[in-house]
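Chemist: Would you mind keeping the following structure in view while I ask a few things?
Where a number appears in this text, it was derived from the coordinates with a stated rule and is not lab data. Please read these numbers as outputs of a predicted model, since none were measured by experiment. Methodologically, a virtual Cβ is constructed for each residue, glycine included, from the backbone with ideal geometry; neighbour enumeration extends over all protein chains shown.
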Amino acid sequence: MSTVIPEITSDDLRDARDEAIDHAKQGAEDAKHCATEVCGKIREKADSAMTCTGDYVKKHPVPVVLGALAFGVALGYTIYSSRRESAYTEKYVGGPFGNARDLLLSALAPVGDRLHDAYGSARSHAHKAAESIHDFDPRNPIDCLSSKLRRAGQTLKFW
């Protein structure tokens, strides 16, 4: 029993080559089209994210700035703590700056305490003033309002 092997001519090989090239070109075009579509979608989503981020920053600038500040401080601390200071730096830079920092903190501590106390006082007086305005008599609005405003003004004079 003998098997017959069909003859392959050069025309058959050219046709197969041309067909393979056409398939490769079509596959490349399909991949290019798909990549273009994906890039367009990514660009749209990135633009949308940038717009949403910009709107959020415009609506809430203080938390964004505080968050960026906290992130910067954390990153700076991480970088700073990962470095090793040499004896030269500790002796000639760390000592004087550390002393200056301690001196500055000891000088500013009473100011911070006074600000904290003043804030607490202002808050409690504002609360009292707001409570006294709620005691409004609708039967005698002018006299009641003027007396309440006078008392509120006197309450606010806490300095």
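Chemist: Would you mind giving the three semi-axes, in whole Å and largest first, of the ellipsoid equivalent to segment 24-84 according to its Cα gyration tensor?
Modeler: Details: eigenvalues 331, 93, 3 Å².
Semi-axes from the Cα gyration tensor: 41, 22, 4 Å.
Chemist: Each label point is 7 Å from the Cα along the Cα-to-Cβ direction; what then is the distance between the points at residue 113 and residue 64, in nm?
Modeler: Distance between label points: 4.0 nm.
Chemist: Would you mind computing, in nm to one decimal, how far apart the modelled labels at residue 22 and residue 41 are, each placed 7 Å from Cα along Cα→Cβ?
Modeler: The two pseudo-label positions are separated by 3.0 nm.
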